[in-house]
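Read the structure below first, then the notes.
All of the numbers you see were taken from the coordinates with simple rules; none came from a lab. Only a predicted model underlies this, so the values are computations on that prediction, with no experimental measurement involved. Cβ atoms come from the backbone with ideal geometry, glycine included; neighbour counts cover every protein chain shown.
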Amino acid sequence: MARQPRLAVTLGDPRGIGSEIVAKMLRDGRASREATLVLVGPRGTEVDVAEAVGDWRAGDTPARAGELAGKQIERAVALVNAGDVDGIVTAPIDKAALLRGGYDFPGHTEMLASLTGSKVAMMLTSADGEKREWKMETGSGGYSPLRVVLATMHVPLRAVPGMLTGERVLEVATTTRAGLRDWFGIAEPRIALCALNPHAGDQGRFGREDDDVLAPAAREAGIAGPFAADTVFVRAMRGEFDAVIAPYHDVGMTAIKVAAFGHAVNVTLGLPFPRTSPDHGTALDIASKGVADASSMVEATLLCASIASRLALRARAATR
């Protein structure tokens with residue numbers, strides 16, 4: 001009988017809702033039935049941690065919170081590298097606190113890329129079907145899951161046109177195709193590129209980037225587009241595409257969060273192990289009030305367990 005996957009679960013910023021949603025996820029029980037969960041975080045939070053990275057006391061500074069958040073990520077990666085866990089699920093961190101704590105990264109994705117030396121892409125994906133079950137193959141019935149991958153991540157909007165090169169689109173398309181194939185079991189992924197400008201530039205009327213940069217890049221990468229942002233995500237949800245590459249953060253995040261906020265999952269493609277997280281932030285305004293919704297944290301853990309199980313199955317098959 002196959003071993004149940006083991007997942008490191010970080011608690012995130014100790015000032016936020018991380019420990020609350022982890023505690024609620026444990027009480028929910030679904031994730032614990034699919035994976036053995038190793039909690040990584042500071043002592044002094046709402047749940048006991050198996051891997052402590054220090055102590056947290058009420059009233060500690062944001063810098064201390066960021067330091068502990070960064071240590072959790074480092075510890076979780078060390079556990080994967082040692083073979084003690086098969087994947088990582090991360091509760092939300094505060095990016096400003098992370099910087100104050102000594103970690104100069106815009107977020108989890110960039111820090112994980114640095115720690116593993118990987119070329120990564122940030123994807124948010126919704127679950128498939130009214131029951132929000134993680135069905136990895138297409139054509140499983142219900143609506144098609146919306147998967148959005150970012151060509152550029154946490155950067156100012158004014159920097160996007162300069163960063164949106166043909167090389168970058170090709171790199172993200174390659175990472176996306178591999179992730180959909182290896183982690184989601186989609187043999188021939190159908191990927192679309194979202195345009196940068198309104199109406200995909202309207203033949204240059206609203207900018208030349210789509211015609212001069214994105215269209216040639218899409219052809220070279222073997223993906224469709226660029227298509228206007230106001231239609232491409234709807235087409236994906238109707239089953240035409242398995243994923244959409246968005247040119248910048250907010251156009252992609254707005255689409256997925258309108259479609260599935262609270263049930264979507266952040267996936268870091270390109271890592272040597274699966275890493276997922278919920279689709280929201282630290283919610284400092286409601287922390288310690290007991291009202292946080294753990295749905296996305298549950299979905300993130302279930303998806304990480306599913307990917308880890310798929311990879312283990314493939315590895316066993318390869319050794320036969």
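Normalised by the number of residues in the range 220-282, the mean separation of alpha-carbon contacts (under 8 Å, six or more apart) gives a relative contact order of 19 percent. For the chain, a crude dipole built from +1 on the beta carbon of Lys and Arg and -1 on the beta carbon of Asp and Glu, taken about the Cα centre, is about 660 debye to the nearest 20. Could you point to the residue in Thr282, Gly54, Gly166 farthest towards the positive end of the chain's charge dipole, with +1 and -1 charges on the Cβ of Lys/Arg and Asp/Glu respectively? Ranked along the dipole, the leading option is Gly54. Here the sum of -39500 (n - 2.57) over DSSP H runs of 4 or more residues, divided by the residues of the chain, equals -12000 deg cm²/dmol at 222 nm, to the nearest 500. Report for the range 121-268 the percent antiparallel among DSSP-assigned beta bridges with both residues inside it, nearest 5. So the antiparallel bridges amount to about 55 percent of the total.
Largest GNM mean-square fluctuation across Ile21, Ile186, Ile286, computed for the chain with C-alpha springs under 10 Å, falls on Ile286.
Here the extension length gained between Glu220 and Arg208 equals 2.5 nm, from 0.36 nm per residue of separation less the Cα-Cα distance. Among the lysines of the chain, pairs at least eight places apart or on separate chains and with Cα atoms under 30 Å apart come to 19.
In terms of the Cα gyration tensor, with a ≥ b ≥ c the square roots of its eigenvalues, is the range 1-83 rounded because a/c is under 1.5, prolate because a/b exceeds b/c, or oblate? Could the numbers behind the result be given before it?
Numbers: a/c = 2.93, a/b = 1.51, b/c = 1.94.
Note, shape of the range 1-83 comes out oblate.
Mean-square fluctuations from a GNM of the chain, with a 10 angstrom spring cutoff on Cα atoms, peak among Glu299, Glu171, Glu188 at Glu188. The distance between label points at Lys289 and Leu157 comes to 2.8 nm (points 7 Å beyond Cα on the Cα→Cβ vector).
Of all the options Thr282, Thr125, Thr254, the one that moves most in a Gaussian network model of the chain with Cα springs shorter than 10 angstrom is Thr254.
As a footprinting exposure proxy, order Val155, Val258, Val213, Val267 by other Cβ within 10 Å, with the fewest listed first.
Values: Val155 14, Val258 10, Val213 19, Val267 25.
Ascending Cβ contact count within 10 Å gives the list Val258, Val155, Val213, Val267.
Applying both filters, DSSP loop and at most 11 other Cβ atoms within 10 Å, to the trypsin sites (Lys or Arg not before Pro) of the range 3-34 gives Arg3.
Is there a quick way to get the dipole size of the range 121-268? I mean about its Cα centre, with the Cβ of Lys and Arg at +1 and of Asp and Glu at -1; what is the value in debye to the nearest 20?
Values: 15 positive and 18 negative charges, 53 e Å.
Taking the Cα centre of the range 121-268 as origin, the dipole is about 260 debye.
Just the Kirkwood number for the range 121-268, please: inverse of mean 1/r across all distinct Cα pairs, in Å, one decimal.
On the way: mean 1/r = 0.0661 Å⁻¹.
Kirkwood radius, the range 121-268: 15.1 Å.
If both residues of a DSSP beta bridge must be in the chain, then about 35% of such bridges are antiparallel. Here the residues Thr174, Thr61, ranked from fewest to most Cβ neighbours within 10 Å of their Cβ, fall in the order Thr61, Thr174.
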